[in-house]
Amino acid sequence: MAHGFLRLDGIVPPEMNEEALAVFAAGPPSVPYGTPVPKAFPEGSFARRLVELPAVAGALESLVGPDPTVDHHFVHIREPREGSAQPLHGDAVIDLRPDAFDVQLMYYPQEVTAEMGGTLIVPGSHLRRTNESDTGRYQNLRGQTRLTCPAGTVVLLHHGIWHGGRRNDSDIVRHMYKIRFNPTVPQVRLWDTADLDAPAVREELGRGFPWYEQATGRLEILNRIRLWRALTGDPAFDIEYWATRIANRPAARRSQP
Amino acid sequence: MTMSTTVRQQVLVLYLDTSALDSRVVGWARYDGTGATRPTTGDSDEPPYETGVAALEDGWRLFQAAQLVPPYPGMEHETSFLKHEFFFEKLVSGG
């Protein structure tokens with residue numbers, strides 16, 4: 001919720017990682033937008049086995065719920081010494097949904113070293129309302145994540161997060177397979193909520209990131225409160241009284257019949 | 001022999017914590033008109049300066065600062081671009 005992404009290091013078994021590059025070379029099959037997972041990825045296919053790995057399946061169900069549809073999928077390739085990086089961007093177009101989000105799965109079949117230029121991810125950027133690569137001017141932000149990871153790593157990201165493929169300064173072709181999932185059910189309490197009232201939850205939701213400006217960082221928390229209210233179905237949830245304070249209008253209450 | 005008098009611009013963009021030039025750097029970008037370096041997205045984790053003033057002290061000249069613009073009515077709580085953007089330059093002889 002606060003970071004906008006979940007990282008699962010090395011969870012894909014080595015034999016699948018070895019298989020992946022040949023699957024990618026053949027080209028993953030075309031999938032029409034909005035196809036249910038079982039139809040998009042037939043039983044036994046590489047993609048189906050990937051999304052059915054217990055750690056991946058569990059995380060996806062917690063985030064987008066049961067029976068998501070596949071928005072699209074694509075194999076991203078960064079050629080060796082290609083000389084440039086992608087501009088920092090959010091995928092698709094500016095997205096105003098207050099009560100739904102898509103999840104993007106990024107799978108790295110190879111070990112990604114710093115020299116290979118793994119994906120740049122900006123933690124906590126997913127609620128910013130910016131359009132695609134309008135953020136391209138921002139080369140570096142404090143606290144950014146320059147992904148390096150073992151083979152078989154999967155990262156699940158909120159659709160709005162600022163990211164970009166970094167320049168590949170190595171001699172190795174870098175592959176990343178991306179699948180975007182759309183929810184088909186309300187994303188309310190889809191995960192294990194046994195610890196919903198634990199202090200650590202509130203602490204995480206109230207965290208700042210090193211690149212946040214002092215004032216705007218407070219608005220980030222306010223917007224997280226609003227999203228958390230939607231995801232938990234708890235309209236009274238608050239952190240440090242941020243949302244409650246500015247909704248207190250005694251005069252408006254008195255004038256109601 | 002004619003000496004070239006061409007000067008080229010190096011640009012440093014700093015994003016600061018508040019609208020004050022002496023506040024902390026939270027983001028940065030560089031562009032090099034000499035072609036000697038090719039800065040790009042995600043090429044460093046540590047900012048070149050801790051504050052905007054530290055860049056001045058190192059010889060960078062400020063030529064543009066973001067204006068303070070009130071939020072549009074109804075959008076007071078929206079977050080979008082970084083607000084406190086400062087453009088600096090150095091003019092480098094050569095060519």
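Bear in mind these aren't lab numbers, they're just calculated from the coordinates by the rules spelled out. Since this is a predicted model, take the numbers as computed values, not measurements. Reconstructed Cβ throughout: ideal geometry from the backbone, glycine too, with neighbour counts over all protein chains shown.
Ranked by how many other Cβ atoms sit within 10 Å of their own Cβ, fewest first, the residues A:Asp9, A:Asp197, A:Asp71 fall in the order A:Asp197, A:Asp9, A:Asp71. Amide H contacts of A:His72 (H built 1.01 Å from N, in plane; Pro and chain starts excluded): A:Arg180 sit under 5 Å, all sequence-distant by 5 or more or on other chains. Estimated from helices alone, the mean residue ellipticity of chain A at 222 nm is -7500 deg cm²/dmol (sum of -39500 (n - 2.57) over DSSP H runs with n ≥ 4, per residue). Each of A:Ala198, A:Val154, A:Val23 was placed along the dipole of chain A (beta-carbon charges, centred on the mean Cα), and the one lying farthest toward the positive end is A:Ala198. What FRET efficiency comes out for the pair A:Ala251/B:Leu56, r = Cβ-Cβ distance, R0 = 30 Å, nearest 0.05? It comes out at approximately 0.05.
Give me B:Phe87, A:Phe5 sorted ascending by neighbouring Cβ count inside 10 Å, so fewest comes first.
By the 10 Å Cβ count, ascending, the order reads B:Phe87, A:Phe5.
How much net charge surrounds A:His175 when only the other residues with a Cβ under 12 Å from the Cβ of A:His175 are counted, with Lys and Arg +1 and Asp and Glu -1? Around A:His175, the surrounding residues sum to +1. Could you tell me whether the protein assembly as shown comes out rounded, prolate or oblate from its Cα gyration tensor? Rule is a ≥ b ≥ c as square roots of the eigenvalues, rounded for a/c under 1.5, then prolate if a/b exceeds b/c, otherwise oblate. Oblate is the answer for the protein assembly as shown, as a/c is 1.5 or above yet b/c matches or exceeds a/b.
Working from label points 7 Å from Cα in the Cα-to-Cβ sense, the A:Asp95 to B:Gln64 distance is 3.1 nm. For segment A:66-137, the square roots of the Cα gyration tensor eigenvalues, ordered a ≥ b ≥ c, give a/c of at least 1.5 with a/b no greater than b/c, which places it in the oblate category.
Applied to segment A:235-246, the Karplus parametrisation 6.51 cos²θ - 1.76 cosθ + 1.60 on θ = phi - 60° returns per-residue 3J(HN,Hα) values of x, 9, 4, 8, 10, 6, 6, 4, 7, 5, 4, 8 Hz, with x for Gly and Pro. Taking the fewest neighbouring Cβ atoms within 10 Å as the starting point, the ordered list for A:Lys178, A:Lys39 is A:Lys39, A:Lys178. In this label model, A:Thr193 and B:Leu91 are separated by 6.4 nm, measuring between points 7 Å along each Cα→Cβ vector. Taking Cα centre as origin and charging only the Cβ of basic (Lys, Arg, +1) and acidic (Asp, Glu, -1) residues, the dipole magnitude of segment A:100-153 rounds to 280 debye. Electrostatic bookkeeping for B:Tyr15 treats Lys and Arg as +1 and Asp and Glu as -1; over the other residues with beta carbon under 11 Å from its beta carbon, the sum is +1.
Taking label points 7 Å from Cα along the Cα-to-Cβ direction, A:Arg48 and B:Asp32 give a separation of 5.2 nm. A cut-off under 10 angstrom between Cβ atoms defines the neighbours of A:Gly83, and their net charge, with Lys, Arg +1 and Asp, Glu -1, is 0. For segment A:196-257 versus segment A:51-106, the spacing of their alpha-carbon centroids is 27 Å.
The alpha carbon centroids of segment B:31-58 and segment B:61-91 are separated by 19 Å. Taking chain A as a Gaussian network of alpha-carbon nodes connected by springs under 10 Å, the highest mean-square fluctuation of the residues A:Ala230, A:Ala114, A:Ala22 belongs to A:Ala22.
How would segment A:57-194 be classified by its alpha-carbon gyration tensor: rounded, prolate or oblate, with rounded meaning a/c under 1.5 and the a/b versus b/c comparison settling the rest? Here segment A:57-194 falls in the prolate category.
What the Cβ-Cβ distance of A:Ala57 and B:Thr18 gives, at R0 = 51 Å and to the nearest 0.05, is a FRET efficiency of 0.70.
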